[in-house]
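The structure under discussion appears below in the form of structure tokens.
Each reported figure results from applying straightforward, stated rules to the coordinates on display, with no laboratory input. Since the model is a prediction, treat every value here as computed from it, not as a measurement. All Cβ positions, even for glycine, are placed from backbone atoms using ideal geometry, and neighbour counts span all protein chains on display.
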Amino acid sequence: MHKIWSLLYILLTTSAVFAQKENTNEKKLTILYTNDLHAHLEPQKIGWVNENRPIGGFANIASLVKTEKQINPNAVYFDAGDYFTGPYISSLTKGEAVIDVMNQLSIDAACIGNHEFDHGWQNVVDQIGKATFPILNGNIFLKNTNTLLWNHPYKIIIKNGIRIGVIGLHGEFAFYDTISEEMIQGVEARDEEKYLQQYINELKDKTDLIVLLIHEGIPGRQSSKGTTDVNRNLQKDIELAKKVKGLDIIVTGHAHQGTPEALVSNGTLIVSTNALGMELGRLDLVYNVKTDKIVSHKNKLSYIYDDEIPNDSLTQMAINKWKDKLKTITEEKVCAISKSLTRSYGEESSLGNMITDAMMHAYPDNDFAITNSGGLRQDIDSGSVTVGNLISAFPFPNTVVKVELKGEAIKKLFEHAASLSNGILQVSKQVVFVYNEKNPVGSRVISIHINGKLLENDKTYKVLTNNFLADGGDGYITFKNAISKKNTQEVLMENMKRYLSTFTVYNPILEGRIIVQK
């Protein structure tokens, strides 16, 4: 007899209750949701959830969604963007493999996230054009025109007699804050509030409920540790709901912030998962036709443990197909590591140390190297390191840039880093950076030493970074005023590969490069 999978059991029992006879005026709806899947096609170990049990995976998500839909005809499944960029399969195929696998997930609608633009805006159109599920966006335009990049701003879905208007948008700030400038030359994001109200007005007489799928707010905390500050991390969504009329539900992405309970703002329910496919969100609600109101709701986030759920066979076949195509590249061995390379959003990390040291190894005539914590997307487990591991850890096609900056400008960069709005700067071994996280933003830097000497405001320093930061990404706009800037055109991943190849066994260590006073 087969094992009884506990998570499926929860779905079955919940849906059995859900399917009971309804009040004539009351109709029930189940919204399953994900966000920020980041190409984590296969289960992974996430330490702050469980150090031993793999979690997530698209084949598991597909199994849960399809099972729910079989037993509950009132269920829909939405995704709030950032399905590209993560493990190597996405980067090596520019997202094509991700769309191909997502075609098996039984998605009813998805929006576009910032990481869908990591290979250029033209590639966005090419890849999402291969989707067999609806992808929506109504506020990204071809520059200086009124032509939408992807002319599908909304869709009407009918479930249990409820007409659901689903709108897809991208936050304007998040668009420019987190996408490399060179990838969006020729397109522009426009005020999400304006277009949301416009589309609500167009849909209100044709629908009963209006759902927004949006990617906005603060960037996700790419770290080996979790975060629980729900309201702060989803503040942008809370504010947006207050500024419009007629919006019932927001399924949001970008902050990587789960909602154990749905937030309520101006009568709008706001939900999100903690990202990376580790959870499937479920919002059950009751809609009263007569009063045109949601009269009750219940939200639940369920961890997706791989050992509890059978793989959906069609989804797993699609994943295996792409893995087989790419294995000659991804399985190339680079070196061994004695313990895992891990990330941190607000502190020194062993992965950040390795990447910045790799830049200095390639260009030793510079003073130091920095990279953004948000660019570190996956830990590397101890043992053998492959090219696939390196791509998954840093999946962007970023190149190394040489920048000249005055010490005064460097301090501004580190002040922005210490605000933690976009994460700390990871630094090479030449740097010791001390900050106090309790001080007011803008006054958190205590000291910066470069090669053992205190930073001098008037001195010019040679700094290595990636092209995303050099263009002012993640809010590091001080780079735009650099004395000089030269792109080496060398992909950062190649730096890492060459650097680690000099070791038989690389020993990750934390050296006190970043010191946090609390």
TODO: Kindly provide log₁₀ I(q)/I(0) values, in the same order as q = 0.05, 0.09, 0.12 Å⁻¹, from the Debye equation applied to equal alpha-carbon scatterers of the chain.
DONE: -0.20, -0.64, -1.10
Task: FRET E, pair GLU51, ALA336, Förster distance 25 Å, beta-carbon r, rounded to 0.05 - done: 0.75
- [ ] Could you check the simple spin-label distance between SER484 and ASN320, using points 7 Å along Cα→Cβ, in nm with one decimal?
- [x] 5.6 nm
Open item on the list: Can you tell me the convex hull volume per residue for the range 26-321, based on C-alpha atoms, in Å³ to the nearest whole number?
Closed with: 117 Å³
- [ ] Calculate, for GLU494 and LYS293, the FRET efficiency according to 1/(1 + (r/R0)^6) with r their C-beta to C-beta distance and R0 56 Å; round to the nearest 0.05.
- [x] 0.45
Task: Cβ-derived FRET efficiency at R0 30 Å, THR24 paired with LYS66, nearest 0.05 - done: 0.50
Open item on the list: Give the lysines whose C-alpha is closer than 17 Å to that of LYS486, dropping any in the same chain fewer than 8 places away, or say none.
Closed with: LYS402, LYS406, LYS462
- [ ] Name the residues whose placed amide hydrogens come within less than 5 Å of the amide hydrogen of THR386, ignoring near sequence neighbours (fewer than 5 apart) on the same chain.
- [x] VAL334
- [ ] Return the lysines within reach of LYS236: Cα separation strictly under 21 angstrom, same-chain partners fewer than 8 residues apart disregarded; answer none if there are no such residues.
- [x] LYS194, LYS245
- [ ] Please go through the residue pairs LYS243/LYS300; LYS159/LYS321; LYS28/LYS206 and name each one whose alpha carbons sit more than 25 Å apart in this structure.
- [x] LYS243/LYS300; LYS159/LYS321
Task: Which of THR85, PHE133, ASN52, positive extreme of dipole for the range 38-139 (C-beta unit charges) - done: ASN52
Task: Calculated Rg and Dmax of the range 150-306 using C-alpha coordinates, Å - done: 16.0, 51
